[in-house]
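Colleague: Take a look at the following structure, please.
The values are calculated or read from the model by the stated rules, or taken from the named source; none is laboratory data. The structure presented is a predicted model; accordingly, all values stated were derived computationally and were not measured. Positions of Cβ are generated from backbone atoms using ideal geometry, with glycine treated the same way; all protein chains shown enter the neighbour counts.
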């Protein structure tokens with residue numbers, strides 16, 4: 001078992017180039033996410049690496065919330081008909 005699975009933390013790797021910044025993340029559940037942003041886009045964000053990390057965390061949080069919302073609806077539905 002690798003250290004990410006043991007600690008349940010995110011791991012990030014960032015490659016900031018002249019045109020694009022790539023942000024790679026290994027999530028606590030073992031899934032991988034990749035984000036590609038313009039290295040410089042001051043009208044949308046101050047710092048590409050930080051923005052990439054923020055967006056990945058936001059995506060994971062939305063998926064987490066959707067899962068529990070769905071689970072809650074299913075459980076309430078089952079409870080109603082039991």
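Colleague: Does region 6-15 include one or more residues that are at pLDDT below 85, assigned to a helix (DSSP H, G or I) and within 18 Å of the chain's Cα centre (by Cα)? Can you show your working first?
Modeller: In the first step, residues of region 6-15 are kept if they are at pLDDT below 85; the result is 6-8.
With assigned to a helix (DSSP H, G or I) added as a condition, the list becomes 6-7.
Subsequent filtering for residues that are within 18 Å of the chain's Cα centre (by Cα) retains 7.
Yes.
Colleague: Give me the pairs: first residue in region 9-35 and at positive phi, second residue surrounded by 13 or more Cβ atoms within 10 Å (Cβ to Cβ) and outside any strand (DSSP E or B), beta-carbon distance under 8 Å, and six or more apart or on different chains, which are they?
Modeller: Final answer for the pair search is 30/4.
Colleague: Another question about this same structure. Mind listing whichever residues of region 42-57 are outside any loop (DSSP other than H, G, I, E, B) and modelled with pLDDT of 90 or more?
Modeller: So in region 42-57, the residues outside any loop (DSSP other than H, G, I, E, B) come out as 48-57.
The answer is 48, 49, 50, 51, 52, 53, 54, 55, 56.
Colleague: So is residue 78 at pLDDT below 70 and surrounded by 15 or more Cβ atoms within 10 Å (Cβ to Cβ) or not?
Modeller: Values: at pLDDT below 70: yes; surrounded by 15 or more Cβ atoms within 10 Å (Cβ to Cβ): no.
So residue 78 fails the test.
Colleague: Quick one: how many residues across region 24-41 are in contact with a strand residue (DSSP E or B) (Cβ under 6 Å, 6 or more places away or on another chain) and outside any loop (DSSP other than H, G, I, E, B)? Walk me through it before giving the result.
Modeller: Within region 24-41, the subset in contact with a strand residue (DSSP E or B) (Cβ under 6 Å, 6 or more places away or on another chain) is 24-26, 32-37, 39.
Those left that are additionally outside any loop (DSSP other than H, G, I, E, B): 24-26, 32-37.
Going through region 24-41 one residue at a time, the tally reaches 9.
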